[in-house]
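Below is one structure. I have some questions about it.
The values are calculated or read from the model by the stated rules, or taken from the named source; none is laboratory data. The structure displayed is predicted, hence computed values, not measured ones. Backbone-built Cβ (ideal geometry, glycine too); neighbour counts: all protein chains shown.
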Amino acid sequence: MAEVSIGRHIRQWLTWTVIIIIGYIVATYIVMGGLYLMAAAFPGEVRITSAVLLGARAITAVLTLVIVIAATYAMKAGRVTLRTLGLDRLPFWKDLALTVAGAVVYVASATLLLSIARMLPFFDVAQPQQLGSTALFGLERFVAFVALVVIIPFVEEVIFRGFMYGKLRESGMPFWPAALAVSVLFGVAHGQLNVGLDVFCMSMVACYLRHITGSIWAGVLLHMVKNAVAFIAVYMLMQGTVG
């Protein structure tokens, strides 16, 4: 019976992984294809800047979520409710307090894991994340902030700690295997080893916050805080515009 249960859980994980990956690929082709077609059709009027690319990334995340939910219904793979997504209640003050505690655990665990990984000869802990030009000002900076700090964290939490984690738990998968399955995929999706390990730790904390609260709100706030810190460091402090 245990082997049957493990096999069923693996099939569930593979199913949702494939759906999310395909959804992301389709969404990327639609959004980026449309963007480059507009740039080609209106040269000089449509410029593909870093802010535009971040906006496109936010739209891609939203479209991925739509495709994933639509595919779930098309495959008759069960309903997707607000409870499944961890959005069946509004944020509480408790979520904010748990965000602070979660941030401490996340930073400590990520620091420890990256320190261990630093010992590996092929691991470059200082490898910069590919963000394009960081020289953003005025409206472009505002667009980048909304995309990176508000939309992307919320939608990614809904997809990973909401949809995927919710579906795995509904299938009967225990917390730790579900959290690991979600977090490994989330880390791999970021495409770089050092960034992947960092967000893996954040995802594990966000999964636990959902586990104890039944909601993704604390994880959403944690993700937003993490991206806000990165935004300030990359797009403001590095340009000497804060202070």
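Residues in the stretch 166-174: is at least one at pLDDT below 95, more than 18 Å from LEU82 (Cα to Cα) and in a helix (DSSP H, G or I)?
Checking the stretch 166-174: not a single residue is at pLDDT below 95, more than 18 Å from LEU82 (Cα to Cα) and in a helix (DSSP H, G or I).
Does the stretch 96-115 hold any residues that are among the polar types (S, T, N, Q) and out of contact with any helix residue (DSSP H, G or I) (no Cβ under 7 Å at 6 or more places or on another chain), and which are they? Outline the logic, then answer.
First pass over the stretch 96-115, keeping only residues among the polar types (S, T, N, Q): 99, 109, 111, 115.
Result: THR111, SER115.
Please find, within the stretch 211-243, the residue that is farthest from ARG161 (Cα to Cα) out of those that are assigned to a helix (DSSP H, G or I) and at pLDDT below 75. Write out each step before concluding.
At the first step, the residues of the stretch 211-243 found to be assigned to a helix (DSSP H, G or I) are 211-213, 217-235, 237-239.
If we keep only those that are at pLDDT below 75 too, we end up with 237-239.
On the way: LEU237: 31, MET238: 32, GLN239: 34 Å.
Looking at residues that are assigned to a helix (DSSP H, G or I) and at pLDDT below 75, I get GLN239.
Ok, one more. Only one residue in ILE30, ILE25, ILE21 is assigned to a helix (DSSP H, G or I), of a type outside the set (Lys, Arg), surrounded by fewer than 18 Cβ atoms within 10 Å (Cβ to Cβ) and over 16 Å from the mean Cα position of the chain (by Cα), so which one is that? Spell out how you get there, then give the answer.
Details: ILE25 fails: over 16 Å from the mean Cα position of the chain (by Cα); ILE21 fails: over 16 Å from the mean Cα position of the chain (by Cα).
Going through ILE30, ILE25, ILE21 in turn, the sole match is ILE30.
What number of residues within the stretch 33-51 are buried (at least 17 other Cβ atoms within 10 Å of the Cβ) and free of Cβ contacts under 8 Å to residues at least 60 places away in the same chain? Show your work before the answer.
Residues of the stretch 33-51 buried (at least 17 other Cβ atoms within 10 Å of the Cβ): 35, 50-51.
Okay, now just the ones that are also free of Cβ contacts under 8 Å to residues at least 60 places away in the same chain, so 35.
Matching residues across the stretch 33-51 total 1.
State whether one or more residues within the stretch 105-119 are free of Cβ contacts under 8 Å to residues at least 24 places away in the same chain and within 19 Å of the chain's Cα centre (by Cα).
Step one: of the stretch 105-119, the residues free of Cβ contacts under 8 Å to residues at least 24 places away in the same chain are 107-108, 111-112, 115-116, 118-119.
Then keep just the ones that are within 19 Å of the chain's Cα centre (by Cα); that gives 107.
For the stretch 105-119, residues free of Cβ contacts under 8 Å to residues at least 24 places away in the same chain and within 19 Å of the chain's Cα centre (by Cα): present.
Would you tally the residues in the stretch 50-63 being closer than 15 Å to VAL158 by Cα and more than 15 Å from the chain's Cα centre (by Cα)?
Applying the first criterion (closer than 15 Å to VAL158 by Cα) to the stretch 50-63 yields 58-63.
With more than 15 Å from the chain's Cα centre (by Cα) added as a condition, the list becomes none.
Residues flagged as closer than 15 Å to VAL158 by Cα and more than 15 Å from the chain's Cα centre (by Cα) within the stretch 50-63 amount to 0.
May I pose another question? Could you list, in sequence order, the residues of the stretch 33-49 that are under 29 Å from GLU157 (Cβ atoms) and either of a type in the set (S, T, N, Q) or part of a helix (DSSP H, G or I) (or both)? Step through it out loud before you land on a result.
Filtering the stretch 33-49 down to residues under 29 Å from GLU157 (Cβ atoms) leaves 33-36, 48-49.
GLY33, GLY34, LEU35, TYR36, THR49 - these are the residues of the stretch 33-49 that are under 29 Å from GLU157 (Cβ atoms) and either of a type in the set (S, T, N, Q) or part of a helix (DSSP H, G or I) (or both).
Residues of the stretch 72-99 being more than 22 Å from the chain's Cα centre (by Cα), assigned to a helix (DSSP H, G or I) and surrounded by fewer than 12 Cβ atoms within 10 Å (Cβ to Cβ), which ones?
Once the filter is applied, which keeps residues that are more than 22 Å from the chain's Cα centre (by Cα), assigned to a helix (DSSP H, G or I) and surrounded by fewer than 12 Cβ atoms within 10 Å (Cβ to Cβ), the stretch 72-99 yields TYR73, ALA74, TRP93.
Being buried (at least 22 other Cβ atoms within 10 Å of the Cβ) and either over 10 Å from the mean Cα position of the chain (by Cα) or without any contact (Cβ under 8 Å) to a residue 24 or more places away in the chain (or both) is the filter; apply it to the stretch 184-199 and report the residue that is farthest from VAL107 (Cα to Cα). Walk me through how you get there before you give the answer.
Going through the stretch 184-199, the residues buried (at least 22 other Cβ atoms within 10 Å of the Cβ) turn out to be 186, 198-199.
With either over 10 Å from the mean Cα position of the chain (by Cα) or without any contact (Cβ under 8 Å) to a residue 24 or more places away in the chain (or both) added as a condition, the list becomes 198-199.
Details: ASP198: 9, VAL199: 10 Å.
If we take residues in the stretch 184-199 being buried (at least 22 other Cβ atoms within 10 Å of the Cβ) and either over 10 Å from the mean Cα position of the chain (by Cα) or without any contact (Cβ under 8 Å) to a residue 24 or more places away in the chain (or both), then VAL199 is farthest from VAL107 (Cα to Cα).
So which residues in the stretch 123-145 are under 29 Å from TRP16 (Cα atoms) and either at pLDDT 95 or above or out of contact with any Leu (no Cβ under 9 Å at 6 or more places or on another chain) (or both), if there are any at all?
Taking the stretch 123-145 as the starting set, the residues that turn out to be under 29 Å from TRP16 (Cα atoms) are 129-131.
Once the filter is applied, which keeps residues that are under 29 Å from TRP16 (Cα atoms) and either at pLDDT 95 or above or out of contact with any Leu (no Cβ under 9 Å at 6 or more places or on another chain) (or both), the stretch 123-145 yields GLN129, GLN130.
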